[in-house]
2 protein chains.
Amino acid sequence: MSFDPATLKYNDAGLIPCIAQDAQSDEVLMMAWMNAESVARTLETGRVTYWSRSRQAFWVKGESSGHTQDLVELRVDCDRDCLLVLVRQTGPACHTNRRTCFYTAVRDGAEVELMAPEV
Amino acid sequence: MSFDPATLKYNDAGLIPCIAQDAQSDEVLMMAWMNAESVARTLETGRVTYWSRSRQAFWVKGESSGHTQDLVELRVDCDRDCLLVLVRQTGPACHTNRRTCFYTAVRDGAEVELMAPEV
């Protein structure tokens, strides 16, 4: 069956959540949002392209930082309302310069920082 | 720093997306939603507890199917608007009886089913 981004389920703002996972380490790196056009651009260019809700603009991951995400594979979930991209991540994925955005764990009721920013 | 679910950023419906990852295989299993109370219940009980948007009710994962998710660790992202739970998954995570909800890949413009339902 050929894939059409229009067949995905978007929220009222026309967006779908997209989880990025490192294709080598399997680490979950971040979650951001896409619209139908950013899904299409991601597939066409091989560069993971989100929709920035704050800037209301396409967000080619790493365009300014150099910390790009090259698409290895796009996956769709059973309800067609969430995406998973397996990526080759260059540099840290998080804007804080950490490898992943999920660097804070909750242990025994307290927040624990799992990693420091890269230098 | 002690963790308070009220310090997370919820959307207009009071919900935050939560990604479930298998703590053993590192496979991303599903994404669902939590409110502040389901975050608290998940931490208190060790059973991953989402908020069902369709039923507008707490959804203790596996309560009816037996396919429970035992919490290994809860993590918070940099913007505090997305959660990651590492889980011990019993049985398939997906309601279609597949190991993960992300069983459809897009390859060369076509949808490819990566796994069949378990029997």
- [ ] Determine the sum of side-chain charges near residue B:65: Lys and Arg each +1, Asp and Glu each -1, restricted to other residues whose C-beta is under 15 angstrom from that of residue B:65.
- [x] +2
Open item on the list: Just to confirm the numbers: residue A:37, label point 7 angstrom along the Cα-Cβ line, distances to the other copies in nm, shortest first?
Closed with: 4.1
TODO: Leaving ligands, DNA and RNA out of it, report the carbon-plus-sulfur percent of the accessible area of chain B at a 1.4 Å probe.
DONE: 46 percent
- [ ] Would you kindly work out, in nm and rounded to one decimal, the distances from the label point of residue B:65 to those of the same position in each other copy, ordered shortest first, with label points 7 Å along Cα-to-Cβ?
- [x] 3.4
Open item on the list: Could you report the buried accessible area between A and B, both sides summed, computed with a 1.4 Å probe and given in Å² to the nearest 100?
Closed with: 3100 Å²
Task: Top positive-direction residue, dipole computed over the protein assembly as shown with Cβ charges, set B:45, A:85, A:51 - done: A:51
TODO: Determine which chain A residue has its Cβ at minimum distance from the rotation axis mapping A onto B, giving the value in whole Å.
DONE: A:26, 2
Open item on the list: Going 7 Å from Cα along the Cα-Cβ axis for the label, what nanometre distances separate residue A:11 from the same residue across the other copies?
Closed with: 0.3
Open item on the list: Under a crude label model (7 Å from the Cα following the beta-carbon direction), how far is residue B:108 from residue B:65 in nanometres?
Closed with: 3.2 nm
Open item on the list: Please report the net charge: other residues with Cβ closer than 9 Å to the Cβ of residue B:114, K and R +1, D and E -1.
Closed with: +1
TODO: Give the distance, in whole Å, between the Cα centre of segment A:45-119 and the Cα centre of segment B:56-99.
DONE: 20 Å
Task: Assigned charges on the beta-carbon of Lys, Arg, Asp, Glu; segment B:37-82 dipole about Cα centre (debye) - done: 200 debye
Open item on the list: Can you give me the distance in nm between label points at residue A:27 and residue B:95, each placed 7 Å from the Cα along the Cα-to-Cβ direction?
Closed with: 3.4 nm
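The values are calculated or read from the model by the stated rules, or taken from the named source; none is laboratory data. What you are looking at is a predicted structure, and each value in this text was computed from that prediction instead of being measured. Quick reminder, even Gly has a Cβ in these numbers, built from the backbone with ideal geometry, and neighbours come from all protein chains shown. Just the protein is used for accessible areas: all its heavy atoms, side chains included, with ligands, DNA and RNA removed. Shrake-Rupley method; radii C 1.70, N 1.55, O 1.52, S 1.80 Å.
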